[in-house]
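This report refers to the structure that appears directly beneath it.
The values are calculated or read from the model by the stated rules, or taken from the named source; none is laboratory data. A quick note: this is a predicted structure, and the numbers were derived from the prediction, not measured. Cβ placement follows ideal geometry from the backbone for every residue including glycine, while neighbour counts extend to all protein chains displayed. These area figures cover heavy atoms from the full protein model, side chains too; ligands, DNA and RNA do not enter into them. Shrake-Rupley method; radii C 1.70, N 1.55, O 1.52, S 1.80 Å.
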Amino acid sequence: MGSFSQPKGKTNIGLMGGTFDPIHIGHLVSAEEARQQFNLDYVTFVPAGLPPHKDATGITSPEHRYLMTTLAVMSNPYFKVSRFEIDHPEPSYTLDTIAHFSKGSQASNIFFITGADAIMEITTWKNYRQLLERCVFIAVSRPGYSLSRLWETLGASCAGLTEKIHLLEIPALAISSTFIRERVALGKTIRYLTPEPVEQYIVKHQLYL
Ligand code: NAP
């Protein structure tokens, strides 16, 4: 929504928010594409501890998701992983995360990257208008995702702030965490859908069976 003008003279920090259960190639391609298109200095992956709006039962433990994310990003010098949300027992509100990463860094612009489906519900997030004032959102979508639906849903409720949301269509996001979990449960291969160390971690810890 709106054209993007790059803020100058500041560090541009990307925060990649998600449950990452498990992390996969679609997430990595999205973060790398966002880094390049938005001239981000680096991208920090922030696995959600207890995602708001979600029942924790059925979600893999935060420690497993954190370790898989760490294994997935290790070969990219521009990628980092944060324990900030997984070390907090309360629900992971993005506003608190943004506040944490903005602390003491007046010279930073924050770009929050996550799925367009999640951003579609942003009006239900804690203090969402304040959130939209404090950072830029990068909504990544799968091919075939109806972008007009996102604009229609958000247009009225985010009036005046929609220029803070940018869309990025990522063909590799045809892969989803749900798809990977289902394949593991069926005994099907997930090779190449997620980095090899993550695949080995899933096998070793018998996740998703
Ligand atoms: P989700 O329901 O697990 O995911 C929604 C959709 O977005 C799924 O299709 C998912 O695909 C995709 N997705 C999620 N994270 C992505 C990413 N980083 N890159 C690309 N696609 C992604 O969403 P969630 O993990 O609970 O929430 C996403 C983020 O929003 C988290 O950081 C969460 O803390 C934040 N959030 C904040 C609030 C709040 O502050 N109140 C409320 C809700 C969500 P995959 O399953 O393949 O990942």
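Ligands, DNA and RNA left out, the accessible area of region 45-142 computed with a 1.4 Å probe is 54% carbon and sulfur. For region 11-174, a simple Cβ point-charge model (Lys and Arg +1, Asp and Glu -1, everything else neutral) yields a dipole of about 180 debye relative to the Cα centre. The listed residues L209, L186, once ranked by accessible area (1.4 Å probe) with the largest placed first, stand as L209, L186. Each other residue within a Cβ distance under 15 Å of A118 adds +1 if Lys or Arg and -1 if Asp or Glu, for a net charge of 0. Taking each DSSP H run with n ≥ 4 as -39500 (n - 2.57) and averaging over every residue of the chain yields -9500 deg cm²/dmol at 222 nm. In order along region 26-41, the phi-based Karplus estimate (6.51 cos²θ - 1.76 cosθ + 1.60, θ = phi - 60°) of 3J(HN,Hα) comes to x, 5, 5, 5, 4, 5, 5, 5, 4, 4, 6, 5, 9, 6, 7, 6 Hz; Gly and Pro are listed as x.
Note on K10: lysines with a C-alpha under 20 Å away, same-chain residues under 8 apart excluded, are K80, K103, K164. The amide H of T19, built 1.01 Å from its N in the peptide plane, has A48 as neighbours under 5 Å, considering only residues 5 or more places off or on other chains.
Probing with 1.4 Å while keeping every protein chain in the model, the per residue accessible area of region 15-85 equals 41 Å².
In percent, what relative contact order does the chain have, based on Cα pairs under 8 Å that are 6 or more apart in sequence? Result for the chain is 27 percent. Charged neighbours of L150, selected by a Cβ distance under 13 Å, balance to -2 (K, R count +1; D, E count -1). Which one of M68, M16, M120 has the biggest mean-square fluctuation once the chain is modelled by GNM with Cα springs under 10 Å? Result: M120 has the largest fluctuation of those listed.
For F45, the residues 5 or more places off, or on other chains, whose built amide H falls under 5 Å of its own are M16, K80, V81, S82.
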